[in-house]
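Data block below; observations after.
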Amino acid sequence: MKFLMMIKSTEDRKVLPKELVDAIARINPDPVNGIVVASGALAPTASAARIRVSAGQLSVTDGPFSETRELVGGFGILEYASREDALKGATAFMDLYRQYWPGWEGELELRQVLTSEEYARLAQQIR
């Protein structure tokens with residue numbers, strides 16, 4: 001099962017402390033028995049854009065986005081045997097932030113990435 005982990009914090013976040021980066025690198029190949037499919041930090045919203053559909057029209061807004069109180073600053077897609085294993089891995093990952101970045105506040109959102117078959121089953125249940 002694949003899971004998307006999104007690290008959320010405020011835009012005024014600073015660069016990750018070196019100790020935290022080093023700790024993440026140590027677990028990155030196998031964070032609590034999960035397999036890393038992809039991961040990365042995201043650039044500040046000053047270089048971002050939002051493309052919106054509203055009333056049948058497309059609009060593009062360049063960043064920064066001052067109205068955003070909390071945003072995704074980094075992500076990982078990891079593969080685990082179960083949701084429980086993914087929760088353990090995500091909790092261990094966030095514990096690194098607690099240990100190596102005193103005073104940092106944020107959250108990790110964990111969501112399962114559905115295969116096309118899983119999505120089709122879910123869509124049938126909703127209909």
Collect the residues in segment 72-97 that are within 15 Å of the chain's Cα centre (by Cα) and hydroxyl-bearing (Ser, Thr, Tyr), keeping them in residue-number order.
-> THR91, TYR97
Residues that are out of contact with any Lys or Arg (no Cβ under 9 Å at 6 or more places or on another chain): which strands (runs of 3 or more DSSP E) entirely in segment 1-113 hold 2 or more of them?
-> 2-9, 35-41, 49-54, 71-79
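Quick check on segment 91-106: of everything there that is hydrophobic (A, V, I, L, M, F, W, C) and closer than 13 Å to ILE24 by Cβ, which residue is surrounded by the most Cβ atoms within 10 Å (Cβ to Cβ)? Break it down into steps so the answer makes sense when it comes.
Here is the first cut: in segment 91-106, the ones hydrophobic (A, V, I, L, M, F, W, C) are 92-94, 96, 101, 104.
Now drop any that are not closer than 13 Å to ILE24 by Cβ, which leaves 92-94, 96, 101.
Numbers: ALA92: 13, PHE93: 22, MET94: 16, LEU96: 19, TRP101: 17.
Of everything passing the filter in segment 91-106, PHE93 is surrounded by the most Cβ atoms within 10 Å (Cβ to Cβ).
Looking at the structure I just gave you, is ARG69 more than 23 Å from LEU114 (Cα to Cα), touching a residue at least 40 places away in the same chain (Cβ under 8 Å), more than 15 Å from the chain's Cα centre (by Cα) and loosely packed, with under 11 Cβ neighbours inside 10 Å?
On the way: more than 23 Å from LEU114 (Cα to Cα): yes; touching a residue at least 40 places away in the same chain (Cβ under 8 Å): yes; more than 15 Å from the chain's Cα centre (by Cα): yes; loosely packed, with under 11 Cβ neighbours inside 10 Å: yes.
When the stated conditions are applied, ARG69 passes them.
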Could you tell me whether ALA41 is out of contact with any Asp or Glu (no Cβ under 7 Å at 6 or more places or on another chain), loosely packed, with under 10 Cβ neighbours inside 10 Å, under 24 Å from GLY103 (Cβ atoms) and at pLDDT below 85?
-> no
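Residue-by-condition table, conditions (1) at pLDDT 90 or above; (2) among the polar types (S, T, N, Q):
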residue: LEU71; (1), (2): no, no
residue: SER82; (1), (2): yes, yes
residue: ALA86; (1), (2): yes, no
residue: ALA90; (1), (2): yes, no
residue: TYR97; (1), (2): yes, no
residue: PRO102; (1), (2): yes, no
residue: GLU109; (1), (2): yes, no
residue: LEU114; (1), (2): yes, no
residue: GLN124; (1), (2): no, yes
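The values are calculated or read from the model by the stated rules, or taken from the named source; none is laboratory data. Owing to the predicted nature of the structure, the values given are computational and were not obtained by experimental measurement. Every residue, glycine among them, receives a Cβ derived from its backbone with ideal geometry; neighbour counts consider all protein chains shown.
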